[in-house]
Structure formats: C-alpha cells, structure tokens
Amino acid sequence: GLWPEAHKSWQNFIKHVAMSPTQWPGEIGTRVQALIWSRMAENALSNRRRRGMSANPFFDLFAEQTAPLKPTAEQCYEKAIQLAPDRLAGYIPLFELYRRSGKLAKAKKLGQQMHKRFPDHADTLEALGELCLETKDYKKAQEYFEKSIQANPLDLTLRGKLARARQKFGLTLTLEKKFDLARVQYEKAL
C-alpha cells in the first residue's frame with residue numbers, strides 16, 4: 001500500500017538498469033525497463049488497493065487519501081510502449097485505459113497502431129470493432145469483426161457482434177432512406 005514510495009523505488013531501479021549496461025546489456029536492459037514501466041502503470045491506476053487498516057485511526061485517515069502518482073498510468077504505459085514497441089502486452093492495457101476513461105480518439109489511434117504491428121491478433125481486431133460500434137462507425141466495425149473472425153473462426157461471439165454491427169448500419173441506412181442498401185445489411189445480419 002505504499003504506492004508513492006514504490007513508484008520512486010521503481011524509478012530508481014529503472015535508472016540503475018539504464019546506467020548498468022554491463023549488467024543489463026542491450027535489448028535485455030531495454031525490455032526490463034519496459035516491464036518496470038508497465039508495473040508502475042499498474043500501480044498508478046486509480047483502482048489500486050488502499051493501504052490496510054492499522055491500529056491507529058489517525059494514520060488510516062491519511063492512508064485513504066493517496067494522491068495520484070506521477071508519472072501517471074497513461075505516461076507509464078506510453079513509456080513502456082516506446083521502449084518495447086514489439087511487445088503487445090504493453091499496448092493492451094493502455095488501449096483499455098483510454099476506452100474506460102472516454103478517450104476514444106486516442107484509443108482508436110492506438111488501436112490502429114496495434115493493428116499495423118499485430119495484424120492477425122483477433123482480440124485487437126475485436127476491440128477495434130467494439131470501439132467502432134461505440135463511435136457509430138458501423139461500416140468499419142464490420143471490417144474489423146470480419147477480420148477477427150478470420151483470425152479466430154472458432155469464437156462464435158464474434159459472429160453475433162458482426163450481426164449487431166450490420167443491424168446498426170442497416171438502421172442508419174434506413175433512417176437515411178437508403179432502403180435497398182439497408183435491406184442488404186439486414187439480410188447479411190440474418
């Protein structure tokens with residue numbers, strides 16, 4: 001529960017790794033730093049556990065009021081990606097953080113970067129499809145769900161999500177009075 005202290009200790013360890021190329025040579029040192037930044041990001045998330053209850057209520061009062069950590073979770077994840085851009089595990093939590101905090105434009109941009117780096121990762125494609133549904137880009141959502149189905153044909157939930165994207169796109173076309181195009185979407189959804 002000593003989050004600020006842990007944050008400082010991790011930062012000191014990152015400095016140690018960076019200044020010890022004989023102990024942490026080349027890519028190993030860089031990857032270790034990326035992993036530490038990811039761990040710091042987890043610590044900096046707002047849902048981190050509070051300090052436990054002690055025997056002193058005065059200390060417990062202050063324990064509940066931990067300030068946001070600096071650097072923030074977002075900054076830590078970004079640094080982890082910068083150090084190890086080929087590591088998918090660095091992208092996923094930042095993408096979810098953006099989605100949960102309502103930063104959909106940033107999430108979409110990061111998702112597209114993920115798609116370029118990891119084009120056949122079914123979960124990324126599915127998440128991008130869901131994000132497009134949230135932003136009402138139904139045509140793009142269909143593309144992502146179709147690619148996700150190709151990458152993971154055994155996941156039956158993806159077909160349902162694709163059908164929902166087609167239904168929503170069909171509804172949009174219906175409201176625009178493009179009935180023939182809407183009918184095609186509804187038929188595909190069935």
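Just so you know, all these numbers are worked out from the coordinates, no wet-lab data involved. This one's a predicted model, so the numbers in the text were calculated from it and none came from an experiment. Cβ coordinates were reconstructed from backbone atoms using ideal geometry, including for glycine residues, and neighbour counts include every protein chain displayed.
The figures follow:
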read-out: Sites GLU134 and GLN82, calculated FRET efficiency, Cβ-Cβ separation with R0 30 Å, nearest 0.05; value: 0.65
read-out: Acute angle (nearest 10 degrees) that the helix 26-44 long axis makes with the longest principal axis of the chain, alpha-carbon atoms; value: 80
read-out: Angle in degrees between helix 73-83 and the longest Cα principal axis of the chain, rounded to the nearest 10; value: 90
read-out: Nearest 10 degrees, 0 to 90: helix 3-18 Cα axis against the chain principal axis; value: 90
read-out: GLN113-LEU154 FRET efficiency (beta carbon distance; Förster radius 22 Å; 0.05 resolution); value: 0.25
read-out: Candidate lysines for bridging to LYS147, where Cα separation is under 27 Å - those fewer than 8 sequence places away on the same chain excluded; value: LYS103, LYS106, LYS108, LYS109, LYS116, LYS136, LYS139, LYS161, LYS168, LYS178, LYS188
read-out: Note, ³J(HN,Hα) from phi for the range 183-190, Karplus 6.51, -1.76, 1.60, rounded to Hz, x at Gly and Pro; value: 4, 4, 5, 5, 5, 5, 5, 5
read-out: The range 109-190, dipole about Cα centre (Lys/Arg Cβ +1, Asp/Glu Cβ -1), debye to the nearest 20; value: 260
read-out: Under 14 Å, Cβ to Cβ, from LYS109 - net charge with Lys/Arg +1 and Asp/Glu -1; value: +4
read-out: Percent RCO, i.e. relative contact order, over the chain, from Cα pairs under 8 Å lying at least 6 residues apart; value: 12
read-out: q = 0.16, 0.17, 0.19 Å⁻¹, the chain: log10 I(q)/I(0) [Debye, one scatterer per Cα]; value: -0.99, -1.05, -1.18
